[in-house]
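Participant: One structure follows; several queries about it will come next.
The values are calculated or read from the model by the stated rules, or taken from the named source; none is laboratory data. What you are looking at is a predicted structure, and each value in this text was computed from that prediction instead of being measured. All Cβ positions, glycine included, derive from the backbone under ideal geometry; neighbour counts span all protein chains shown. Surface accessibility is based on the protein's heavy atoms, side chains included, excluding ligands, DNA and RNA. Shrake-Rupley method; radii C 1.70, N 1.55, O 1.52, S 1.80 Å.
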Amino acid sequence: MNALDVENLNVHYGAVHAVQGVSFAVAEGELVAIVGSNGAGKSTIMWALSGVKERSGGAVQLFGSPLPSRPHDVVARGLALVPERRRLFSDLSVEENLVMGAYLRGDDEGTRQDRERCFQLFPVLKQRLSQRSGTLSGGEQQMLAISRALMSRPRLLLLDEPSLGLAPILVDALMDTILRIRSEGVTVLLVEQNAARALEIADRGYILDAGRFVKSGPGPELAEDPEIRRAYLGG
Amino acid sequence: MFLQTLITGLSIGGIYSLMAVGYSLVFSVLNFSNFAHGAVIMLGAYVGLALATKLNLGLGLVLAGSVAGAGIIAVLNERLAYSSLRRRKAPSLYLMISAMGCSVFLENMVYATIGSRFYAFPEFFGRQVISLWGSSVSLLDTGAFVFSLLAIWGLHLFVGRTRTGIAIRAGVSDMTMCSLMGVDLDRLIAVVFLLAGGFAGVAGVFLGIKYLVYPTMGWVTNKAYIAAVIGGLGSLPGALAGGLILGVVETFVSTYVSSVLRDVFSFTLLVAFLVMRPEGLFGRGGEEKV
């Protein structure tokens, strides 16, 4: 069974046809990257897949059944989104952000284990538990945004531009973390403007341009493709 | 005299705080001024009045019934008049206009069915006084003040500690992300209106006991608006502090200056805060939501 089957997805913002008939699949356990320039429609795909942005056409199957229409039902089916710019609950403490991540969980023991797992991935969060999340540094905010998503114990994790605004050394650590999360059995769909880094770690990649896929293939292969390097990877 | 005036001021202030809390809660979550809040307070007072006069219930049960009644009315108000606008992501001006319409509708519904008569609550302990440091103060005033404090403190704990309370604050911070944590926003907003309505019910009963019950009694919520602005819109401690400050200032002005000038002072205070400190005493103004 695929984690995600997207068939001819269309999304409009008013008269603007932002996503124009995109089709792709993500197998369970896979790490798939969608890369493209600013405004190509990457984030729009993410919002549509999480039920926030209404689709104007196409069918989406999440773990073999149709995607629910409201975000909280989508989350209940095992999807979690780390949105662009992180969008933490900035007035809430680090701890409260994690509590919100686990909002739908009833198992206290499992929730506690997942918290420990997040602290293993990002030890700094443990020292910041009572701090207001809006006062964290950019890197720490990204760690918290990922942890908040992991606290729902998702089967499919959507990451939208996680490297945005991070120093290069933090981007390295981030890519390692994404691989580690995948190795623990979570399916990952990664959207990045930082195409080279995303394609290096992805099993498969898709190049999105003006709302359509223009190329797809194994991640590292796309990263080496001279034509793609010229057009999207800055040489 | 001084202590009596202070207690009277605090008790009125406590009622203003109760109203401001409900008003502030809705404002912080949905970002619009719920002008129907006054009408819910008025209906809460009528529910309490009916329980007290028709069923001869005691004050405790009257309060409980009014909390439940006004709470349910507030939730229905949201479902019928705001939810469809909210789902279409209408600008908050539309919600405000809808709220004004509700307010006019509800008042006139009371005129048409119950009538324009002024009703008084039966005397629970209206005239009883207790002596405090040599002054005699009204038991009702003291009780209303203490009860208001306890209710707001309880709400503060609820919002700070419980899962639903944290979800409300998360919604204030970012509604969309709140729904992406698995929170059913329709249900969360129903809880917010239930709480706001409950507080309106308590305020309605206290107002009705202190003064009278009549269709336009809810207009006093413009004082709650002033209190909320003084304290900082959206802040619970702010609503409490703003209500108490306003109540005390008003009572002292009526007693020592002139009761005619009371509202002049209140609205001057509102304008002064809007001009010089629009974020209020406890608000965190100027912080951008990206």
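Participant: For the protein assembly as shown, what does -39500 (n - 2.57) per DSSP helix run (n ≥ 4), summed and divided by total residues, give at 222 nm, in deg cm²/dmol to the nearest 500? Please report the intermediate quantities before stating the final value.
Facilitator: Details: 22 runs with 289 residues, N = 525.
Computed mean residue ellipticity for the protein assembly as shown: -17500 deg cm²/dmol.
Participant: Moving on. Counting only residues 5 or more places away or on other chains, whose amide H sits under 5 Å from the amide H of A:Gln131 once H atoms are built in the peptide plane?
Facilitator: Sorted by chain and number, the residues that satisfy this are A:Val94, A:Glu95.
Participant: Still on this structure: Given a 1.4 Å probe and no ligands, DNA or RNA in the count, how much accessible surface is buried by B and A, both sides, to the nearest 100 Å²?
Facilitator: Numbers: alone 14050 and 10740 Å², together 22620 Å².
Buried surface at the B/A interface: approximately 2200 Å².
Participant: Now, a different point. With a Förster radius of 60 Å, plug the Cβ-Cβ distance of B:Leu149 and A:Met1 into 1/(1 + (r/R0)^6) and report the FRET value to the nearest 0.05. Please report the intermediate quantities before stating the final value.
Facilitator: Numbers: r = 57 Å, r/R0 = 0.95.
Calculated transfer efficiency: 0.60.
Participant: Oh, and also: Assign one of three labels to the range A:70-130, namely rounded, prolate or oblate, based on the Cα gyration tensor with a ≥ b ≥ c the square roots of its eigenvalues; rounded applies when a/c is under 1.5, prolate when it is not and a/b is larger than b/c, and oblate otherwise.
Facilitator: oblate
Participant: Mind listing the phi-derived Karplus ³J(HN,Hα) values for the range B:154-169, rounded to whole Hz, using 6.51, -1.76 and 1.60 with θ = phi - 60°, and x for any glycine or proline?
Facilitator: 3J(HN,Hα) across the range B:154-169, in whole Hz: x, 5, 4, 5, 4, 6, x, 10, 7, 4, 5, x, 5, 5, 4, 5.
Participant: What does the accessible area per residue of the range A:87-153 come to in Å², with a 1.4 Å probe and no ligands, DNA or RNA counted?
Facilitator: Numbers: 2750 Å² over 67 residues.
Value for the range A:87-153: 41 Å² per residue.
Participant: Here's another thing I want to ask about it. Heavy atoms only, probe 1.4 angstrom, no DNA, RNA or ligands counted: give me B:Leu157, B:Leu61 ranked by accessible area, highest first.
Facilitator: On the way: B:Leu157 55, B:Leu61 105 Å².
Ranked from most to least accessible, the order is B:Leu61, B:Leu157.
Participant: Further, regarding this structure: With the full set of protein chains in place, find how many percent of the accessible area of chain A is carbon and sulfur; take the probe as 1.4 Å. Before the final figure, lay out the partial values.
Facilitator: Values: 4610 of 9700 Å².
Using a 1.4 Å probe with all protein chains present, chain A comes out at 47 percent carbon and sulfur.
Participant: Report the paramagnetic label zone for B:Ile72: residues of the range B:203-231 whose backbone N is under 19 Å from a point 7 Å from Cα along the Cα-to-Cβ axis.
Facilitator: B:203-205
Participant: Let me ask something else. So if R0 is 22 Å, what FRET efficiency would B:Leu261 and B:Asn222 give, r being the distance between their Cβ atoms, rounded to the nearest 0.05?
Facilitator: Details: r = 17 Å, r/R0 = 0.76.
Efficiency at R0 = 22 Å is approximately 0.85.
Participant: Kindly identify residues of the range A:100-121 having a loss of at least 30 Å² in accessible area between the isolated chain and the assembly of all protein chains, probe radius 1.4 Å.
Facilitator: Buried-area filter returns A:Met100, A:Tyr103.
Participant: Please state, to two decimals, what the Cα-based radius of gyration of chain B comes to when divided by 2.2 N^0.38 Å (N = residues).
Facilitator: Details: Rg = 18.6 Å, N = 290, 2.2 N^0.38 = 19.0 Å.
Relative to the rule-of-thumb radius for its length, chain B sits at 0.98.
Participant: While we're here: Run the paramagnetic zone check for B:Tyr119: 7 angstrom along Cα to Cβ, then residues of the range B:210-226 with backbone nitrogen under 16 Å.
Facilitator: B:210-218
Participant: Multiplying the sequence separation of B:Leu3 and B:Ala112 by 0.36 nm and subtracting their Cα-Cα distance, what value in nm do you get? Mind dumping the intermediate values first?
Facilitator: Numbers: separation 109, 0.36 × 109 = 39.24 nm, distance 4.28 nm.
The B:Leu3-B:Ala112 span can extend by a further 35.0 nm.
Participant: Loop only by DSSP, 15 or fewer other Cβ within 10 Å of the Cβ. Give me the GluC sites (Glu not before Pro) in the range A:91-139 that pass, ordered by residue number.
Facilitator: Values: sites: A:Glu95, A:Glu96, A:Glu109, A:Glu116; in loops: none.
Hits after loop and neighbour filter: nothing returned.
Participant: Using the heavy atoms of the protein chains and a 1.4 angstrom probe, tell me the accessible area per residue for the range B:2-276 in square angstrom. Each step should come with its number before you reach the end.
Facilitator: Values: 11540 Å² over 275 residues.
I get 42 Å² per residue for the range B:2-276.
Participant: Check A:Leu166: other-chain or 5+ apart residues with amide H under 5 Å from its amide H, H built from backbone geometry?
Facilitator: HN-HN under 5 Å from A:Leu166: empty list.
Participant: Given R₀ = 45 Å, what would the calculated FRET efficiency be for B:Thr268 paired with A:Arg117, taking r from the Cβ atoms and rounding to 0.05?
Facilitator: Working: r = 57 Å, r/R0 = 1.27.
Given R0 = 45 Å and the Cβ-Cβ separation, E is 0.20.
Participant: As an exercise, identify the chymotrypsin sites (Phe, Trp or Tyr not before Pro) in the range A:79-142 lying in DSSP coil whose Cβ has no more than 15 other Cβ atoms within 10 Å. Before the final figure, lay out the partial values.
Facilitator: On the way: sites: A:Phe89, A:Tyr103, A:Phe119; in loops: A:Phe89, A:Tyr103.
Qualifying residues, ordered by number: none.
Participant: Further question: Can you send over the carbon and sulfur percentage of the accessible area for the range B:101-185, probe radius 1.4 Å, protein chains only?
Facilitator: Values: 2840 of 4390 Å².
About 65 percent, which is the carbon plus sulfur part of the accessible surface.
Participant: Buried by at least 50 Å² relative to the chain on its own: which residues of the range A:76-92 qualify, computing accessible area with a 1.4 Å probe on protein heavy atoms?
Facilitator: SASA drop of 50 Å² or more in the range A:76-92: A:Arg87, A:Phe89, A:Asp91, A:Leu92.
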